[in-house]
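See structure below.
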Amino acid sequence: MKKDIRLLSLDELKEEITQLGEKAFRAKQVYEWLWKKACTDFNLMTNLSIDFREKLKEHFEINAIKFDKSQVSRDGTVKYRFMLQDGHKIESVLIPVDKDNRYTVCVSSQVGCSLACKFCATGQMERMRNLDPGEIYDQVTMVSAHCQELYAHGITNIVYMGMGEPLLNYKNTLQSVRLITSEKGLAMSPRRITISTVGIAKMIHKLCTEDLKVNLALSLHAADDEKRSEIMPINHQNNLDSLMVALKEFFEKTNNRISYEYIAFRDFNDSIKDAEKLVKLCSSFPVRVNIIEYNPVQGVTYTKASEDQINKFALHLTKKGIICTVRRSRGKDIDAACGQLANKDN
């Protein structure tokens, strides 16, 4: 059975290649093709001899994702569906902000999700499996290539906010980040990468020990345990007190920005009383709050807060000295907005 060559470290690749009778330095050449040049076809590795390429094809495979389909929103957002080698499908989103010259790719980390957040379309899916580092990496390189075609500019930012919970695919998520930020890979600044989590306290503590400079976003959505547990079952095992301890450690260890993502639901978490509770959660360390319009999901009874109420909520936070941004939905007409990724058109 052939090995997936992208699951090998550089040292492992050296060992495999020397066993094929080739010089060890050939491993660096192959590694560069795989990660710096994002090559997924041995035939295109043109500085390798034909004989060596044939050996590689005989012993290894590259389990790259394949483009399946895309949809373009009225606002320029593009949703992509990719086919994995085993037939599963995932979605990624390109969010262009031309005026800021910012082009963000939202990547998936799992096929489906196991967390069952009540408001999220992905949460209604079954979690089938984790993505490997190469499958995450491919989303970045393939969307960036298309972004270059559309806007003459590659992607500038990455958010791990697509299908799945990145911290429940911890090893592969971090390996993808290291490949993306490595000089042997895409050499992207970790400051332009944000990992979003529903809040797995144990894994946030573990993330503090890693030598990564990524940003962290907490999908908060309610500022008290009762309401948060109602819409996010994970809160029963990871309550707000435990999350605040973990997030404070993350900030103290990394000095990296932490964001709270807060979807505003009508008559549920959009009152000034809710805003005041949120103010208290912002008191322990510097936080940016992103208030997000709710995007409709089939079969879900929650509705978005009124624009007037969202503005009042945001104003209250701002008056308390909290950096706050109201994010208007992008791509909701093609089910590409926050919480809508679900392979709907299977």
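The values are calculated or read from the model by the stated rules, or taken from the named source; none is laboratory data. If you're wondering where the values come from, they're calculated on a predicted model, not measured in any experiment. With ideal geometry, Cβ positions are generated from the backbone for all residues, glycine too; neighbour counts draw on all protein chains shown. The area values use the complete protein model at the heavy-atom level, side chains included, leaving out ligands, DNA and RNA. Shrake-Rupley method; radii C 1.70, N 1.55, O 1.52, S 1.80 Å.
For beta carbons closer than 8 Å, sequence separation of 6+ or different chains, a first residue in segment 1-22 that is in contact (Cβ under 8 Å) with a residue 60 or more places away in the chain and a second that is charged (D, E, K, R), the qualifying pairs are ASP4/GLU61; ASP4/ASP132; ARG6/ASP132; LEU7/ASP132; LEU10/LYS28; LEU10/LYS184. Hey, can you tell me all the residues within segment 137-158 that are in contact with a strand residue (DSSP E or B) (Cβ under 8 Å, 6 or more places away or on another chain) and buried (at least 24 other Cβ atoms within 10 Å of the Cβ)? Correct list: ASP138, GLN139, VAL143, ILE155, ILE158. Filtered by the rule that a residue be touching a strand residue (DSSP E or B) at 6+ places or on another chain (Cβ under 8 Å) and either open to solvent by 70 Å² or more (accessible area, probe 1.4 Å) or of a type in the set (S, T, N, Q) (or both), segment 12-34 gives no residues.
Restricting segment 198-230 to residues that are under 24 Å from LYS273 (Cβ atoms) and acidic (Asp, Glu), the residue that is surrounded by the most Cβ atoms within 10 Å (Cβ to Cβ) is ASP224. MET232 satisfies every condition listed in (1) in contact with a Cys (Cβ under 7 Å, 6 or more places away or on another chain); (2) within 30 Å of ASP68 (Cα to Cα); (3) not acidic (Asp, Glu) except (2). Within segment 1-51, the only residue that satisfies the criterion of being within 30 Å of the chain's Cα centre (by Cα) and modelled with pLDDT under 95 is LYS2. For segment 35-110, the strands (runs of 3 or more DSSP E) that sit wholly inside it and include 2 or more residues that are open to solvent by less than 20 Å² (accessible area, probe 1.4 Å), over 22 Å from GLN175 (Cβ atoms) and in contact (Cβ under 8 Å) with a residue 40 or more places away in the chain are 78-83, 89-97.
Considering segment 130-169, the residues that are closer than 18 Å to ASP68 by Cα and hydroxyl-bearing (Ser, Thr, Tyr) include one that is nearest to the chain's Cα centre (by Cα), namely TYR137.
Is it the case, given these coordinates, that ILE195 is open to solvent by less than 20 Å² (accessible area, probe 1.4 Å) and in a strand (DSSP E or B)? When the stated conditions are applied, ILE195 passes them. Taken together, the criteria exclude ASP75 from residues that are under 26 Å from GLN124 (Cα atoms) and among the acidic types (Asp, Glu). Residue-level analysis places MET125 outside the set of residues that are closer than 15 Å to LYS79 by Cα and buried (at least 19 other Cβ atoms within 10 Å of the Cβ).
Condition check ((1) out of contact with any Cys (no Cβ under 6 Å at 6 or more places or on another chain); (2) not in a loop (DSSP other than H, G, I, E, B)) across all residues:
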| position | (1), (2) |
| --- | --- |
| HIS153 | yes, no |
| GLY162 | no, no |
| LYS171 | yes, yes |
| VAL177 | yes, yes |
| ALA187 | yes, no |
| GLY199 | yes, no |
| LEU216 | yes, yes |
